[in-house]
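The values are calculated or read from the model by the stated rules, or taken from the named source; none is laboratory data. All values reported here derive from a predicted model rather than from experimental measurement. Don't worry about glycine lacking a Cβ; one is built from the backbone with ideal geometry, like all the others, and counts go over all protein chains shown.
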Amino acid sequence: MTAAVVGAGPGGRAQAPLPGGRQESAVVLKSVSIQLMWAGLPFPERVARAAAAGFDLVDLWDQRNSDIHAVHDACQVHGIGINGFFATRDTSLCDPGSRTAVLDEIKANLDVAVAVGARQMHCFSNAIRPGGIVAVAPPLAPEALMESCAEALSAAADLVAGTGVQLVLEHLNTVFLPGYLWDDVNMTAGLARLINRPEIGVVFDTYHQQLTYGRLTDSLVACLPQLARVDLAEVPGRFEPGQGEIDMAYLLRILAEHGWDKTVTFETTPSDGNPETALAAINTLMPLR
């Protein structure tokens, strides 16, 4: 497996710089969500498929439902790593009355992350129930809800400090997840700026951002200082590159212009149900080898 050069076109060839900018090569790690790819296989077999395809890392959702220790063992066998999984799901950072429960949930998942060598854990503003049902936020002003998030995350940063695990803040769309507080990456980036701790970063998810606010380029550039990872999926459908309205090659060139060098995760569902279709599109956009 080889890391990719952001901004490279098919075959790894560097593209011309964007107007007014300079072209830089930035090496990034490539990850794939094995929650969505190879979904019919046991998780350890999904790891094997990801490694064979050329990915550096795999991503999960709720580690409690992912056979996490078997995933770790498979990663050791196949020379691939675990990028991340959920830090919170059952508790709401935006609820000041849930502070102790939030930190307990983060600590429990942190213990697992350290044990399996995961790099990141994902934090959500609201609890997310089975079936993707967003827990209703308490009846507080938006400013108070965000203050609760900031206070909880500051305490959580103390928990993860020195472990090598980073907490990443997840913005989600409210088209399919109504009631979710962090519906814009500019909101999570602002929160990370306010907390100003290296233990806190943000996710830029093309699927969620396009569904809610669009203006992907402006938002991507604005959140670059806080950006820990980019998750790629098309709109509509959450499919592989080229099956929707998002110009992912352009976004990768923006990252290259700024020398960004973190992790790109393909959190995509194969448009025709065949993972090989998705892999072919991913390789065209960002060669895996």
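In the set V168, V202, V185, only one residue is touching a residue at least 60 places away in the same chain (Cβ under 8 Å) and either charged (D, E, K, R) or under 15 Å from D231 (Cβ atoms) (or both); that residue is V168. In segment 253-273, the residues that are on the phi > 0 side of the Ramachandran plot form Cβ pairs under 7 Å with partners that are buried (at least 17 other Cβ atoms within 10 Å of the Cβ) and outside any helix (DSSP H, G or I), at six or more places apart or across chains, as follows: G259/E24; G259/A26.
Pairs are defined by a Cβ separation below 9 Å, a sequence spacing of at least 6 or placement on different chains, a first member in segment 230-247 that is closer than 13 Å to H208 by Cβ, and a second member that is at pLDDT below 95; the pairs so defined are V230/V28.
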